[in-house]
Amino acid sequence: MGSCYLKGTSLEMVEVQMRQVPGFSPRRFGIVREKRGRPGGMEREGGGEEQPVSYGELLEGFLKEVPPSKLSGRIQGLQKKEVMKFKFRDGEHKKRFREWQRESGHPLLYKDNGFGAAIYLLSADVFLWEQTKAWIGESSISYEKIGIHGVDLEGYALFCAAKEVCGGSARLSLSELGDRELISDSLFKVLLNSILISRHGLLTVLKSKNPKREAGR
């Protein structure tokens, strides 16, 4: 499985658990990396521009393909507690992402779903982002050159997920995403957004419609 980045720290055993094989039967393809177009029925209106898809529709499309598991149960539990919508991790995450988007004009950001999802993930952690920026090339991200020694557990999860959505070696399984002891709710929402981006593309998710607030709320 390769070396442990967190070897010798209090988080070493957590990392070992994160690398274990998931506890459900393997499927023909990877749910996280499987790319999708727009959800069924969301066609161009009158032959014009595509209308924004709702975040809920993107999420429901993903849920239909996830096997019954901790992951699907966790998503459904969050749907009952709150209105699910696209968000950055925090204001600083949004600022880092928007600044790089504006300054780099990287051609793959909107053309390659996995690349767009990876940039969204890597920019969510300030330490990880500082280690990453120099290794973003014209056609790929050189993960093997990114120094992540000293990253915290959430930063490590973001790094592993970025490799996954880019088609690299998987380090986070669907079962692990559903485990609240490994992944906090706030981090889980970021990872879930990245999955939707890897399936539908950055523009589709960024422009997804958020539900309107109910009257009186």
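Read-outs throughout are calculated quantities, based only on the coordinates presented, and are distinct from any laboratory measurement. Treat the numbers as computed from the prediction; the structure is a model and nothing was measured. Note: ideal-geometry Cβ built from the backbone for every residue, glycine included; neighbour counts use all protein chains shown.
Things worth noting here:
- Of all residues making up region 100-121, the number that are among the hydroxyl-bearing types (Ser, Thr, Tyr) and closer than 21 Å to LYS189 by Cβ: 1
- Residue ID - surrounded by the fewest Cβ atoms within 10 Å (Cβ to Cβ), chosen from residues in region 49-95 that are in a helix (DSSP H, G or I) and among the basic types (Lys, Arg): LYS80
- Considering region 58-87, the residues that are under 17 Å from the mean Cα position of the chain (by Cα) and free of Cβ contacts under 8 Å to residues at least 24 places away in the same chain include one that is farthest from SER208 (Cα to Cα), namely LEU63.
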